[in-house]
Amino acid sequence: MDEVAPEQLLFQSDAPFKNPVDWSRDGQWIVMTQLDQDTSQNVWLVDASGTKPPTAIVRGPVRDYGGHVSPDGRWLAYTSEDSGKFEAYVQSFPSPGRKAQVSADGAVRAWWTRAGRQLVLLGGDYRTLSRVDLTPGVILGVGMPRAFAKLPADIVWIDAMPDRQRFLAIAPERTGTGSVTVVQNWRAALVQKR
């Protein structure tokens, strides 16, 4: 019988809006986006062993979001508003280094392909899907993004399937005024049914 280790607190802060984004392939790091009071959204690394304090890997005066580790564990892809609009960037990982912009006309999401030789980008218009070739090395070689698909205008969220050939998109079934139902004391209803 396999024993499960007890839960261990790895990170706690008063900062609102913490979002785990990715794990490093070696299982040593959790990549997280956090809204920091003195700047804006930043990308942090949380040590999965809990022995080291979290460190900011992307921290700037504007919103930095995402943080997906490349399949070989050497690069981090994220989006940032450094240029005044969201663009996709890649920098070394786990130690921050020189960053390279990989999008040409805005990007709000970036997904690594399995081989790590391309990134799939969701454009700043939330409709255009592009691919950009990457050449790993001491300095990352970056090709020009090539659009390969246009999404419908009503998409509200999208994520890539592991093969990066198919995508799961959420679109509203209908538009117009909606409603929200709030159920109070729902736990009490569960207890009564047992």
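The values are calculated or read from the model by the stated rules, or taken from the named source; none is laboratory data. Note that this is a predicted model, so its numbers are computed, not measured. All Cβ positions, even for glycine, are placed from backbone atoms using ideal geometry, and neighbour counts span all protein chains on display.
Okay, residues lined up against (1) more than 26 Å from L45 (Cβ to Cβ); (2) hydroxyl-bearing (S, T, Y):
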{"position": "S130", "(1), (2)": "yes, yes"}
{"position": "I139", "(1), (2)": "no, no"}
{"position": "L151", "(1), (2)": "yes, no"}
{"position": "V156", "(1), (2)": "yes, no"}
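Working only within the stretch 43-67, note down all residues that are over 15 Å from P94 (Cα atoms) and either of a type in the set (A, V, I, L, M, F, W, C) or under 15 Å from the mean Cα position of the chain (by Cα) (or both).
V62, R63, D64, Y65, listed by residue number.
For the stretch 12-34, enumerate the residues that are surrounded by fewer than 16 Cβ atoms within 10 Å (Cβ to Cβ) and either in contact with a strand residue (DSSP E or B) (Cβ under 7 Å, 6 or more places away or on another chain) or polar (S, T, N, Q) (or both).
Q12, S13, A15, P16, F17, K18, N19, P20, W23, R25, Q28
How about the stretch 1-26: which of its residues are among the charged types (D, E, K, R) and more than 22 Å from the chain's Cα centre (by Cα)?
Hits for the stretch 1-26 are D2, E3, E7.
Inspect all residues belonging to the stretch 118-128 and state whether any of them is acidic (D, E), more than 16 Å from the chain's Cα centre (by Cα) and part of a strand (DSSP E or B).
The answer is no; no qualifying residue exists.
Show the residue pairs that are 6+ apart or on different chains and have beta-carbon atoms under 7 Å apart, the first residue being within the stretch 15-30 and among the small types (G, A, S), the second being part of a loop (DSSP other than H, G, I, E, B) and surrounded by fewer than 15 Cβ atoms within 10 Å (Cβ to Cβ).
A15/Q37
Have a look at P61, P6, P96 and point out the one that is assigned to a loop (DSSP other than H, G, I, E, B) and crowded, with 16+ Cβ neighbours inside 10 Å.
P96
Regarding D154, is this residue farther than 14 Å from V108 by Cα, without any contact (Cβ under 8 Å) to a residue 24 or more places away in the chain, of a type outside the set (A, V, I, L, M) and surrounded by 10 or more Cβ atoms within 10 Å (Cβ to Cβ)?
Here the answer is yes, as D154 does meet what is asked.
Could you list, in sequence order, all residues of the stretch 130-150 that are of a type in the set (G, A, S), over 14 Å from D105 (Cβ atoms) and touching a Leu at 6+ places or on another chain (Cβ under 9 Å)?
G141, G143, A149
Quick check on this structure: which one of A110, A104 is surrounded by 14 or more Cβ atoms within 10 Å (Cβ to Cβ), modelled with pLDDT of 95 or more and farther than 26 Å from E7 by Cα?
Answer to the selection: A110.
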